[in-house]
Amino acid sequence: MLQLCYITTESNKAFIKMQDNAEKNAIANGLLDGAKENAKSVITGLFADQFDPEEYKYEFNFQ
């Protein structure tokens, strides 16, 4: 049981490190900015049918 806990903890640490590296690479390659712009476009398109963009202002806050 102790060995399984250790493996799980090490796997979690490795996964977190992998996510951090992927995010840094995405930022460095401009992929994150492109993904944000794509998300804005898709979400705005979904809401535009119900809420006129001339009447409503869309604001995006990425965290």
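Values in this text are rule-based calculations from the coordinates and carry no lab data. Note that the coordinates shown come from a computational prediction; the quantities given were computed from them, not determined experimentally. When we count neighbours, we look across all protein chains shown, and the Cβ atoms used for this are built from the backbone with ideal geometry, even at glycine.
In terms of surrounding Cβ atoms within a 10 Å radius of their Cβ, Phe62, Phe47 rank from fewest to most as Phe62, Phe47. Charges were assigned to the Cβ only: +1 to each Lys and Arg, -1 to each Asp and Glu. The resulting dipole of the chain about its Cα centre is roughly 480 debye.
Scattering from the chain was approximated by placing one identical point on each alpha carbon and applying the Debye formula without solvent; log10 I(q)/I(0) at 0.11 1/Å stands at -0.49. At most 15 other Cβ atoms within 10 Å plus a DSSP loop assignment makes a site exposed; report the longest stretch of the chain without any exposed GluC sites (Glu not before Pro). Free of exposed loop sites, the longest segment is 1-53. Here the Karplus relation 6.51 cos²θ - 1.76 cosθ + 1.60, evaluated at θ = phi - 60°, turns the backbone of the range 15-22 into coupling constants of 5, 4, 5, 4, 5, 4, 5, 5 Hz, with x for every Gly and Pro. Find which of Phe60, Gly34, Met18 sits farthest along the positive direction of the dipole of the chain, computed with +1 on the beta-carbon of Lys and Arg, -1 on that of Asp and Glu, about the Cα centre. Farthest along the dipole direction, towards plus: Met18.
Here's the list of lysines a cross-link from Lys24 could span, going by alpha-carbon distance under 22 Å and ignoring same-chain residues fewer than 8 apart: Lys13, Lys36, Lys40.
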